[in-house]
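Q: This structure is in structure tokens; I'll ask about it shortly.
The values are calculated or read from the model by the stated rules, or taken from the named source; none is laboratory data. Not measured: the values here are computed from a predicted model. As a convention, Cβ positions derive from the backbone with ideal geometry for all residues, glycine included, and neighbour counts pool all protein chains shown.
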Amino acid sequence: MAADTDVFARRRSLSVVADWGDDLGIDGVATREQFLPSEQIRALAECARLRRERGDFGAARIGSDETLQRREEIRGDSTCWIVPPLLTPEIPLLAEFERLRLELNIQAMLGLFELELHYAWFPPGAGYARHVDQPLGRRQRQVSVVLYLNENWTPGAGGELRIFGADEQYRDIEPVAGRLVCFLTPGREHAVLPTSSDRLSISGWFRVRG
Ligand code: OGA
Ligand code: MN
């Protein structure tokens, strides 16, 4: 019974997600192009640069609580949480994600309660090894989102998001400016392939109350 309910819930949420853009053919994953107009994407890339210059970014770590550690060979990005005081272009960004949260809740009844969101900057050579987005034993993260800020992205420059499906199948997604990737977080394995140029994104998670 529980398993049936689960399958039903996944299909229902997939149909919401797939309505936006091209279905990737993997259950519970979808992309949407031009999530925000190009001027806004450019302004957000500028915000990330500004925040980096003033020291808001920190080396990303893996694990949780007392096991937190920097392991550059596993995860080589630096991140910066998008929290008040916000820069002006970050206000419409959060408003757009709030619209998305409500849309998902209305159509898929996911009970998403809040969003945690950060910039991520991968310098040349950095990647993020295969992983899932729920820290062990924590189920609050239910939907993962990634919005890319890379104008003039060179295809084949590495840095693709690799999303794994059943039987070791996978799809690679290029981190081109304005593209939003959205997937159901639980159990979804994915990786960032080592990039050969700077790679900038905003990634986050819609959470349920936990
Ligand atoms: C993450 C992640 C994917 C990407 O931040 O957990 O998997 O394409 N990001 O940036
Ligand atoms: Mn991830």
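Q: With the requirement that a residue be within 29 Å of Pro89 (Cβ to Cβ) and within 13 Å of ligand 2 (Cβ to nearest atom), what does the range 132-161 give you?
A: Narrowing the range 132-161 to residues within 29 Å of Pro89 (Cβ to Cβ): 133, 140-155, 157-161.
Matches in the range 132-161: Asp133, Arg141, Val143, Ser144, Val145, Val146, Leu161.
Q: What do you reckon, is Ile91 assigned to a helix (DSSP H, G or I) and at pLDDT 90 or above?
A: Values: assigned to a helix (DSSP H, G or I): yes; at pLDDT 90 or above: yes.
The answer is yes for Ile91.
Q: Quick one: what pairs do we get from the range 122-141, first residue more than 14 Å from ligand 1 (Cβ to nearest atom), second part of a strand (DSSP E or B), C-beta under 6 Å, 6+ apart or different chains?
A: Sorted first by the residue in the range 122-141, then by its partner, the pairs are Gln140/Arg207.
Q: OK, next. Give the number of residues within the range 193-210 that are over 11 Å from the mean Cα position of the chain (by Cα) and either within 12 Å of ligand 1 (Cβ to nearest atom) or of a type outside the set (A, V, I, L, M) (or both).
A: Of the residues in that region, 11 qualify.
Q: Now, a different point. For the range 177-199, state whether one or more residues are within 14 Å of ligand 2 (Cβ to nearest atom), in contact with an Asp or Glu (Cβ under 6 Å, 6 or more places away or on another chain) and either hydroxyl-bearing (Ser, Thr, Tyr) or at pLDDT below 95 (or both).
A: Taking every residue of the range 177-199 in turn, at least one turns out to be within 14 Å of ligand 2 (Cβ to nearest atom), in contact with an Asp or Glu (Cβ under 6 Å, 6 or more places away or on another chain) and either hydroxyl-bearing (Ser, Thr, Tyr) or at pLDDT below 95 (or both).
Q: Report the residue count in the range 154-182 for those that are surrounded by 19 or more Cβ atoms within 10 Å (Cβ to Cβ), part of a loop (DSSP other than H, G, I, E, B) and in contact with a Ser or Thr (Cβ under 8 Å, 6 or more places away or on another chain).
A: Of the residues in that region, 5 qualify.
Q: How many residues are part of a helix (DSSP H, G or I) and either at pLDDT below 95 or within 16 Å of ligand 2 (Cβ to nearest atom) (or both) if we restrict to the range 97-131?
A: Here the count works out to 10.
Q: Turning to a different aspect of this structure: Restricting the first residue to the range 103-114 and requiring it to be surrounded by 14 or more Cβ atoms within 10 Å (Cβ to Cβ), which pairs with a second residue that is β-branched (Val, Ile, Thr) meet a Cβ separation below 6 Å and a spacing of at least six or different chains?
A: So the pair list comes out as Gln107/Val16; Ala108/Val16; Phe113/Val208.
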